[in-house]
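What follows is one structure encoded as structure tokens, with my remarks underneath.
What follows draws every value from the coordinates through simple rules; no lab data is involved. Since we're looking at a predicted model, the values are computed, not measured. Here the Cβ positions follow ideal geometry from the backbone for every residue, glycine too, while neighbour counts run over all protein chains shown.
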Amino acid sequence: MLEDNRITNLKEFNYCTSKINKWYNKQSKLLTIVTNPYNTPLIFLNIIEDTLLAGKKILYVHNCNKYNKEIVNGLKQKSSIRYSNNHKDSESNIDFIDFKSVKDVRGAYDLCIIDDISCYSNISKEIIREYIENLYLFSKRIIVYSIERIVNMGMTFQISDLIRNEIFVEPRIITTRVRLDEDMPYTLYDYLMWFKSNNRKVIIYVPNEEKIEKLYNYYTKELEIDDVQVMKHFKKNSTIELENIYKYKNSVFIITNDIREYSIKEGNIDIVILFSEDKIYTYKRILYFCADVGKYMKDKKYGEVLLVGREITEDMDIAKEMARGYNKKIWEKGLLNY
């Protein structure tokens, strides 16, 4: 039985584990579980334990470093279980690998879990489909944990967030004809002033290094916003300075092209995506931006995700619709914490 105080939606959790068990007892080879980014992998602990205790072998594909800590910590009481962070250890019961290693898998597995949820991911739907096709030959059963259905086969069901009784932050879209590296629309300026007055930490994403320099010069030399620490960060540089931004008492604006998950475990983060019509801003990346500002929310202070560009792209529309869909499910199930 699971004992973890991070699970706030226990009814939803039990529903999910029950659906997994029912699927496993049937003949269907593929199961897809659709959910929001950063949901917990603990839904798999029960099926993993049962499969391993039956003497079977599991492959766990994910984006986290080496092992999935939540799964490993849950298995620690099972002293007979051996795990590894590669697929070449013939003595291990469960192998944890990253997505880049999928193409090298050749051994046989009784169960494969493809976890594209619990850690940051920018892998496209098409690439994940290729991974599924590759693993289909080497796995008797496959579970896909994703923001969307990847292949039109097998069983599929959707779950809401199991560790946060809160709404999923929906992106706000601001369209403008203003040249964003030389000027600023009034709506964006008002948001930045609000962020400043509330001592928020703001990550401002731009597509490339040239735009970082232009924006930094504009914000520091022309706008000259008082009581705000403006920083620039290039993708090629270390993130240590960014992860120490809470040493600054006042608001911090970080201009960067480094799209990734940062180790910032605080609640007052906002994200502004400039030139949001750029093709690098896929719907999946936008959804993870929304999840990032909601991960460590405190006192009902929701972070903001602003998409600022010349036009509304299909990816922006898809991301907004998916975020709205998450919230619709939360409302229908009565999962909000008031």
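If R0 is 35 Å, what FRET efficiency do you get for Thr239 and Thr8 from their C-beta distance, rounded to 0.05? Please list the in-between numbers first.
Details: r = 30 Å, r/R0 = 0.84.
After rounding to 0.05, the efficiency reads 0.75.
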For Arg141, distant residues with modelled amide H under 5 Å away: Leu111, Cys112
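With viscosity set to 0.890 mPa s at 25 °C, what whole-number translational diffusion coefficient in µm²/s follows for the chain from Stokes-Einstein and a Kirkwood radius over Cα pairs?
114 µm²/s
Could you sort 139-146, 9-16 so that the peptide with the highest average Cβ count within 10 Å comes first and the rest follow in order? Please report the intermediate quantities before stating the final value.
Working: 139-146: 21.8, 9-16: 16.6.
Taking the mean over residues of other Cβ atoms within 10 Å, the ranking is 139-146, 9-16.
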Distance between segment 22-44 and segment 173-213 - C-alpha centres, whole angstrom: 39 Å
For segment 142-165 versus segment 299-338, the gap between their alpha-carbon centres in whole angstrom: 18 Å
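Which of the residue pairs Lys103/Lys236; Lys100/Lys196; Lys221/Lys295; Lys221/Lys284; Lys249/Lys329; Lys140/Lys235 have a Cα-Cα distance greater than 31 Å in the structure shown?
Numbers: Lys103/Lys236 27 Å; Lys100/Lys196 40 Å; Lys221/Lys295 34 Å; Lys221/Lys284 34 Å; Lys249/Lys329 38 Å; Lys140/Lys235 40 Å.
Pairs exceeding 31 Å: Lys100/Lys196; Lys221/Lys295; Lys221/Lys284; Lys249/Lys329; Lys140/Lys235.
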Under Karplus coefficients 6.51, -1.76 and 1.60, residue-wise ³J(HN,Hα) of segment 179-187 in Hz, glycine/proline x: 6, 5, 8, 10, 8, 8, x, 4, 4
Phi to ³J(HN,Hα) by Karplus 6.51 cos²θ - 1.76 cosθ + 1.60 over segment 92-105, Hz, x for Gly, Pro: 7, 8, 9, 9, 9, 9, 8, 5, 5, 8, 4, 5, 9, 5
10 Å-binned pair-distance histogram of segment 172-333 (Cα, whole percent): 10, 41, 38, 10, 1, 0
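When only Cα pairs under 8 Å and 6 or more residues apart are kept, what is the percent relative contact order across the chain? Can you show the working numbers first?
On the way: 603 pairs, mean separation 65.4, N = 338.
Relative contact order comes out at 19 percent.
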Label-point separation, Val151 to Lys301 (7 Å along Cα→Cβ), nm: 4.6 nm
Segment 10-158 shape via C-alpha gyration tensor axes, a/c threshold 1.5: rounded
